[in-house]
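All remarks here apply to the structure that follows.
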Amino acid sequence: MTNQSDSVSQSFKEKKRKDLMASLAIDALGMASYLIPALGEAADLVIAPIVSILIYAVHRTTFGAVAGFLEEIIPFTDIIPSATIIWFYRYFLKGENTYNEFVNKFRKKNAIIIDAK
């Protein structure tokens, strides 16, 4: 049982790290419009839906996706790292729930693999 517990814990830490890296990349994309001074806020019309979709893909939260979209669309708010804030919320403020959800998914996934053998 300890090996499985260690495996779950390691997998969770890896997912947490990957989600942080993805969140930082999403925020970098959102801030990219500042790199093109002439386009600036107009580029956000293209970037906002992309950021929203990426936030949903990583964090599976409609609220977060909408918040990310609004943050990109509203002028001069690109500096707010919305995806990273969502990551912080998921893994620190709501950490135990996030871990429990992960454990349940991990167990279901492994049960399917064991049944297939």
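Looking at the stretch 16-44, I want the residues that are at positive phi and have a partner that is hydroxyl-bearing (Ser, Thr, Tyr) with Cβ atoms under 6 Å, at least 6 apart or on another chain. Which pairs are those?
Gly40/Ser33
Yes/no matrix, rows are residues, columns are (1) under 29 Å from Lys109 (Cα atoms); (2) under 10 Å from the mean Cα position of the chain (by Cα); (3) acidic (Asp, Glu); (4) surrounded by 15 or more Cβ atoms within 10 Å (Cβ to Cβ):
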{"site": "Ser5", "(1), (2), (3), (4)": "yes, no, no, no"}
{"site": "Glu14", "(1), (2), (3), (4)": "yes, no, yes, no"}
{"site": "Val51", "(1), (2), (3), (4)": "yes, no, no, yes"}
{"site": "Leu70", "(1), (2), (3), (4)": "no, no, no, no"}
{"site": "Ile80", "(1), (2), (3), (4)": "no, no, no, yes"}
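Please give the number of the condition Trp87 fails out of (1) aromatic (Phe, Trp, Tyr); (2) surrounded by fewer than 19 Cβ atoms within 10 Å (Cβ to Cβ); (3) in contact (Cβ under 8 Å) with a residue 60 or more places away in the chain.
If we test Trp87 against (1) aromatic (Phe, Trp, Tyr); (2) surrounded by fewer than 19 Cβ atoms within 10 Å (Cβ to Cβ); (3) in contact (Cβ under 8 Å) with a residue 60 or more places away in the chain, just (2) comes out false.
Can you tell me which residue within the stretch 23-41, out of those that are more than 20 Å from the chain's Cα centre (by Cα) and not aromatic (Phe, Trp, Tyr), is farthest from Arg90 (Cα to Cα)?
Filtering the stretch 23-41 down to residues more than 20 Å from the chain's Cα centre (by Cα) leaves 33-41.
Next, from what is left, pick out any that are not aromatic (Phe, Trp, Tyr): 33, 35-41.
Numbers: Ser33: 27, Leu35: 30, Ile36: 32, Pro37: 33, Ala38: 36, Leu39: 33, Gly40: 30, Glu41: 29 Å.
Of everything passing the filter in the stretch 23-41, Ala38 is farthest from Arg90 (Cα to Cα).
Quick note: the coordinates plus some simple rules give every number you see, no bench work behind them. This structure is a prediction, so every number in the text was calculated from the model and none was measured. Because the Cβ atoms are built from the backbone with ideal geometry, glycine has one as well, and the counts that use them run over all protein chains shown.
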